[in-house]
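Read-outs: derived from the displayed coordinates by stated rules, not from any lab. Given the structure is predicted, the values throughout are model-derived calculations rather than measurements. Positions of Cβ are generated from backbone atoms using ideal geometry, with glycine treated the same way; all protein chains shown enter the neighbour counts.
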Amino acid sequence: MTRKIGIIGDGHVGSTVAHYIVANGFTDELVMIDKNEAKVKSDAIDFEEAMPNLDNHTKIYVNQYEELKDADVIISALGKIKLVDTPEGQNNRFIELVHNRDNVKEVSKKIKESGFHGVIIAITNPVDVITSLYQKYTGLDKSQVIGTGTLLDSARMKRAVANKLNIDSRSVSGYNLGEHGNSQFTAWSTVRVFDRPISELVDKYNLDLDQLDDEARKGGFTVFSGKKYTNYGVATAAVRLANIVMSDALTVLPVSNYREEYGIYLSYPAVIGRNGVVKQLDLDLTKDELKKLQNSADFIQNKYQESL
């Protein structure tokens, strides 16, 4: 069975996603779409010139929306990161909303016309609102449209905790929940290290959970301040999601998915498989965590309504 992925947006993130996919042979066919035709064509040629030195071959299509018809996954990486590097854009992912909202509406129409019936994975910021808009404008089932959400922020939390405890970040489990943005939070009741709840380790290892939570929340802006964009962390999260969908791996991950009880897309663990969200989980959160989640949901909902 032929594997096929579409990438919409060939900027810092989109090109990193494409390189990760091509270099590792994760798909047989790749559709690359960007309004900057010279850039996307050049990247496609560059990848083709890399292939003689790779173990895998990937057939690449450029700016051909019709090729999305039989794609398994579309990864939305469109955006205008330059807007973040302004006084108004400091620590504000919503600075891109007006620009990205209009582009998502335009792109969604073309996706719908192509006959695409796979899974959309949104990276585009503000990702929870943008994921909601993709679902609205494409008309795909809510389970088929997901965002990377706090899959990335949970990884940032794991990095922060692991660095403090001097262990591999893959040895930390747990979730950041809510918005992929300033209202997100680390659900410490879900975090385990050394096979114990992290709450039991606070005194022994002198852990400042508020500081670690803040480090995870601000991780993207820390990276942005140094190079004026972020790409590797979110690209890896998106490609992992795409591979999970294509292999029907049925993996539990904190992604932006539609939660009926909140009436909006936000990050909460769900089982991801071939059809997107296969099953939603219900965590045993503390009262404080539930309050934070509701506040985050309310914030996303308000921003979504403003975007319409």
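Worth pointing out:
- Cα centroid separation, the range 238-308 to the range 1-21: 23 Å.
- Charge tally around residue 261: other residues with Cβ under 13 Å, Lys/Arg +1 each, Asp/Glu -1 each, net -2.
- Note, ³J(HN,Hα) from phi for the range 282-296, Karplus 6.51, -1.76, 1.60, rounded to Hz, x at Gly and Pro: 10, 7, 8, 7, 6, 4, 5, 5, 5, 5, 5, 5, 5, 4, 5
- Close amide H pairs (under 5 Å, H built 1.01 Å from N) link residue 31 with 5, 6, 7, 61, residues at least 5 positions away or on another chain.
- A convex hull fitted to the Cα coordinates of the chain yields 135 cubic angstrom per residue.
- Antiparallel DSSP beta bridges within the range 118-214, as percent of all bridges there, nearest 5: 65 percent
- Rounded tilt (10° steps) of 150-165 against the dominant C-alpha axis of the chain: 50 degrees
- Backbone HN-Hα couplings from phi across the range 205-219 [Karplus 6.51/-1.76/1.60, Hz, Gly and Pro as x]: 10, 6, 8, 9, 5, 5, 5, 5, 4, 5, 5, 5, 5, 8, x
- Looking at the chain, the DSSP beta bridges with both ends there are about 50 percent antiparallel.
- Its Cα centre serving as origin, the chain has a Cβ charge dipole (Lys and Arg +1, Asp and Glu -1) of approximately 160 debye.
- Contact order relative to length of the range 224-308, as percent, for alpha carbon pairs under 8 angstrom and 6 or more apart: 22 percent
- Once backbone amide H atoms are built at 1.01 Å from N, residue 173 has 192 as its partners under 5 Å, excluding neighbours fewer than 5 places away on the same chain.
- In this structure the amide hydrogen of residue 149, modeled in the peptide plane, comes within under 5 Å of the amide hydrogens of 256, none closer than 5 places in sequence on its chain.
- Taking all Cα pairs closer than 8 Å and separated by 6 or more residues, the relative contact order of the range 150-307 comes to 24 percent.
- Compared with the dominant principal axis of the Cα atoms in the chain, helix 127-138 is inclined by about 40°.
- Taking every C-alpha pair closer than 8 Å and separated by at least 6 residues, the mean separation divided by the residue count of the range 165-215 gives a relative contact order of 27 percent.
- Ranking of 121, 75 by count of other Cβ atoms within 10 Å, fewest first: 75, 121
- Exposure here means at most 11 other Cβ atoms within 10 Å; with GluC sites (Glu not before Pro) in a DSSP loop as sites, the longest stretch of the chain lacking them is 1-259.
- Nearest-ten-degree value, helix 37-50 long axis tilted from longest Cα axis of the chain: 90 degrees
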